[in-house]
Each structure stands twice: as structure tokens, then as C-alpha cells.
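Novice: After the C-alpha cells below, expect a handful of questions from me.
Please treat every number below as a calculation from the coordinates, not as lab data. None of the values given here were measured: they were computed from a predicted structure. Positions of Cβ are backbone-derived with ideal geometry, glycine not excepted, and every protein chain shown enters the neighbour counts.
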Amino acid sequence: MTKYNSRNRITKASNKPVRIIECDDILDIKEHHVIEYSWVLQLEFRSFKRLENMIDIKPPRGNNFDRLLRASGLYPLQAKTLDTIQINVGKLCNQACLHCHVEAGPRRTEIMSKDIMAKCLNIIKSEGVSNVELTGGAPEMNPHFRWLVSELRNNDILVKVRSNLSIMLEPNFTDLPEFLKNNLVEIIASMPCYTRENVDNQRGRGVFEKTIKMLRIFNELGYGGSGSPLLLNLVYNPGGASLPGDQISLENDYRNILIERFGIEFNNLFAITNMPIGRFKNNLISDGTYDKYMNLLVESFNSRSAQQVMCRNLISISWDGKIYDCDFNQMLDLACDHGAPSHIVNYTPGAMVNRRIVTGNHCFGCTAGAGSSCSGALAIKIDARK
Ligand code: SF4
Ligand code: SF4
């Protein structure tokens, strides 16, 4: 049986009193120790070697996320079902935003072919998947985008498009809103703030104005109204290295301000955490704030959010047909593993349900505070079901 010992100490690394836990096997730490344990992790991020010298136990190495999962009784993280497939149809984008974890931009050449799309379609149909999310880059820029949407809708599959909206003001794309409406496609649009300054700082000069213009166009088409089947959802993410605020309060603020200032309606606001990967991670490293941000994510680990992480219900397919547990793993090129197929050419029906999920320390971005997913906060969904 594991024996625990704990004591307080002022550390040189943080100048704060910290409870240090000693035990026979650190992997046996239970849920009620998670708070203290996260302090240990915090120190490890800041000063791994100093911590090792300071206490008698060996601090955890490697995948610290799995260690907290174990402490929460969730290890190994396993999928529950497969109700959604995300397809990243390419990294080409008309924007190059600071926080972009895809590192998308106008010069990217990775684009999904029609042949790969057709294979994805076969998997979707054979699995009876009811939701498909198209992402990019700007997914609309894939030359086969309309073909894929039409095929999915012909098979009664609900299609969601994650759009930056501004692409639909570019030549050759201005008729897309009508096309999306005719196919009852749900729009999920990035809008990190309701002020011009913050949006333009994060997403590029002039993006705020284009976003407002496009939201009005979608409203005129019938999107975003209460009770309308044409769903228009907005995505908020913090401007820097902090966690998003409360999703419900943010949604109320957005609703009041967008209707008052611009006459714009929308359905839901999804508050998401910036993931410590890709361009956002590079910016944190160049600002010298990467360690601080990781500490914040680790300290804020919430086992209720961890229960609901989106990889338990979906898979993500990249432009070249590789299969991932989520969009973030895709960006890190951590393909499905532990016996699950990692490419659509090896796909076998039913292979993804109950698969073991590939995790890493970036997963703390999904489990911090109220949690984060492509559909916003996670823990409030649990609360809402209570
Ligand atoms: S965040 Fe979205 S709009 Fe911005 S560069 Fe990335 S894919 Fe494009
Ligand atoms: S980063 Fe991906 S694999 Fe990790 S918890 Fe989040 S959704 Fe799951």
C-alpha cells in the first residue's frame, strides 16, 4: 500500500509555500491529491532539476497529462463512440492569424484531393456517422469543397463548416453563403472579440469589418435567428496566454453588444482555450511566456472536463488521409496508435470505438478550467445535464 507524507516548503523557484507529497509510487496519487500534485507538476515545468534535488521522490517525467488522468481514474483515455468526423481539407487560408494552431496561410500547398474525400465519404457512410465538420485553413478554398458538401448532404449527413467568414468576400467565393444556406450547412465562425482592435490584432487588419459584413449577410439569409434551422455559431478564444472566461457570460455579452452595435444575431458562442501548439506556441516561446502558460493549464486541470474531451467522440482526418484522435494531434502529427488505424487506407469498420487515445502534455489545453473543445467549454455541459 502506498504511504503518503507531505510537508510545506518555500521553494526558490516560485517563492511560494508549496506542499510537497512524498509517496512510494507517484503514479498512485489519488484524486484528492490532484491539487497538490499539480503544484509538483508546476514546479517541474519551471525547474525540473532543482525540484529533483530538493525532494526525495523522483518527479514524473514524460507525459504528465497521463499521470493526472491516472490520478483522476481516467487512464488510459479511451474513446466512447464515433459520432463526428472532422475533415481538414487543407492548410491553405486567406489569413495567417497569430494564434493559428494549424499554421495555415496563403502559401500553404497541402490540399485534400477528391479521391481522399471520396474515401472519407465511404468511411462516414459505413460508420453511420451523423456529423461532419469541415476545417482547414479556410476549407472553402479547397477546389472540391462544394462537391464534398453536396455529397454529404445527399446522404443526410449534418455538415458544419469552420469558417473565417472573410474568405466569402474574396472573388469566386461570394456565392458561397447562398450555397451553404441551400445545403443547410451549420456555420462556426471565428470571432475572438466584439471589438475591432482585438480582432484585428489577432487575425489581421480589416478582419473585424469583414466579419461583421459577413455576419450581416448570413443574418439576411436567415442564419442565426432564434428557432432558425440555419445555425450560426461564433468562436471566442482569448487574445493571449490566459484561459477563456465563463462561456455563458461571454455569450450574453456578445449577444447584447452585437445586437446593439451591429444588429447581428447568432445562436451559440463557443469559448475555446488556445492550444499550446503551432504558431501560438511559437509566439509564447518568443515572448518567454510558454512555461507560464503551461503552468496555468496544468494548475487548472479539471477532471470533470477531462471526462468530456472531444476525442472520446470523434476522429480527425488530415488532407492526406491520416487519422488522428483530434485536430490538435493532427497538427502535432500524432496519428492514432495503440492498434487503431492511422490512415484511411487501413480503416476497418468499428475500429475507432473504444480505441485508446494518443495523449500528450498539449492535452492540458482541453482540460483546464471549464475545458475546451471545438464546441466550446466542456464542464458546463456536464453541469447542464445535472
Ligand atoms: S486561425 Fe483560421 S483563419 Fe486564421 S490562419 Fe488559421 S485557419 Fe486561417
Ligand atoms: S488534445 Fe486531442 S487528444 Fe488531447 S485531450 Fe484534447 S482532444 Fe483529446
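Novice: Across region 130-171, what is the total count of residues that are buried (at least 22 other Cβ atoms within 10 Å of the Cβ) and part of a loop (DSSP other than H, G, I, E, B)?
Specialist: 6
Novice: On to the next question. Counting just the residues of region 138-168 that are small (Gly, Ala, Ser) and touching a helix residue (DSSP H, G or I) at 6+ places or on another chain (Cβ under 8 Å), which one comes out farthest from Ile87 (Cα to Cα)? Working first, answer last.
Specialist: Step one: filter region 138-168 for residues small (Gly, Ala, Ser), giving 138, 150, 163, 166.
Filter once more, keeping what is touching a helix residue (DSSP H, G or I) at 6+ places or on another chain (Cβ under 8 Å): 138, 163, 166.
On the way: Ala138: 12, Ser163: 13, Ser166: 20 Å.
Out of the qualifying residues, it is Ser166.
Novice: Output the residues belonging to region 121-151 that are within 21 Å of the chain's Cα centre (by Cα) and of a type outside the set (D, E, K, R).
Specialist: In the first step, residues of region 121-151 are kept if they are within 21 Å of the chain's Cα centre (by Cα); the result is 129-140.
Once the filter is applied, which keeps residues that are within 21 Å of the chain's Cα centre (by Cα) and of a type outside the set (D, E, K, R), region 121-151 yields Val129, Ser130, Asn131, Val132, Leu134, Thr135, Gly136, Gly137, Ala138, Pro139.
Novice: Are any residues in region 324-338 within 16 Å of ligand 1 (Cβ to nearest atom) and part of a helix (DSSP H, G or I), and if so, which ones?
Specialist: Scanning region 324-338 gives Asp327, Phe328, Gln330, Met331.
Novice: List pairs: first residue in region 330-348 and within 18 Å of Gln78 (Cα to Cα), second residue within 16 Å of ligand 1 (Cβ to nearest atom) and in a loop (DSSP other than H, G, I, E, B) anywhere in the structure, Cβ distance under 8 angstrom, at least six positions apart or on different chains.
Specialist: If the second residue must be within 16 Å of ligand 1 (Cβ to nearest atom) and in a loop (DSSP other than H, G, I, E, B), the pairs left are Gln330/Ser318.
Novice: Which pairs turn up if I take residues in region 62-87 that are closer than 21 Å to Ala340 by Cα and of a type in the set (Asp, Glu) and look for partners that are within 12 Å of ligand 2 (Cβ to nearest atom) and assigned to a strand (DSSP E or B) with beta carbon separation below 8 Å, at least 6 apart in sequence or on another chain?
Specialist: Pairs found: Asp83/Leu314.
Novice: Any idea which residue in region 286-323 is nearest to Met352 (Cα to Cα), counting only those that are assigned to a loop (DSSP other than H, G, I, E, B) and over 19 Å from the mean Cα position of the chain (by Cα)?
Specialist: Per the criteria, the residue is Gly321.
Novice: Additional query: Just to verify a result, which residue in region 82-104, among those that are polar (S, T, N, Q) and away from ligand 2 (no atom under 14 Å from the Cβ), is surrounded by the most Cβ atoms within 10 Å (Cβ to Cβ)?
Specialist: Asn94
Novice: Which of the following residues is closer than 29 Å to Leu334 by Cβ, away from ligand 2 (no atom under 16 Å from the Cβ), among the hydroxyl-bearing types (Ser, Thr, Tyr) and free of Cβ contacts under 8 Å to residues at least 40 places away in the same chain: Ser130, Ser126, Ser163?
Specialist: Ser163
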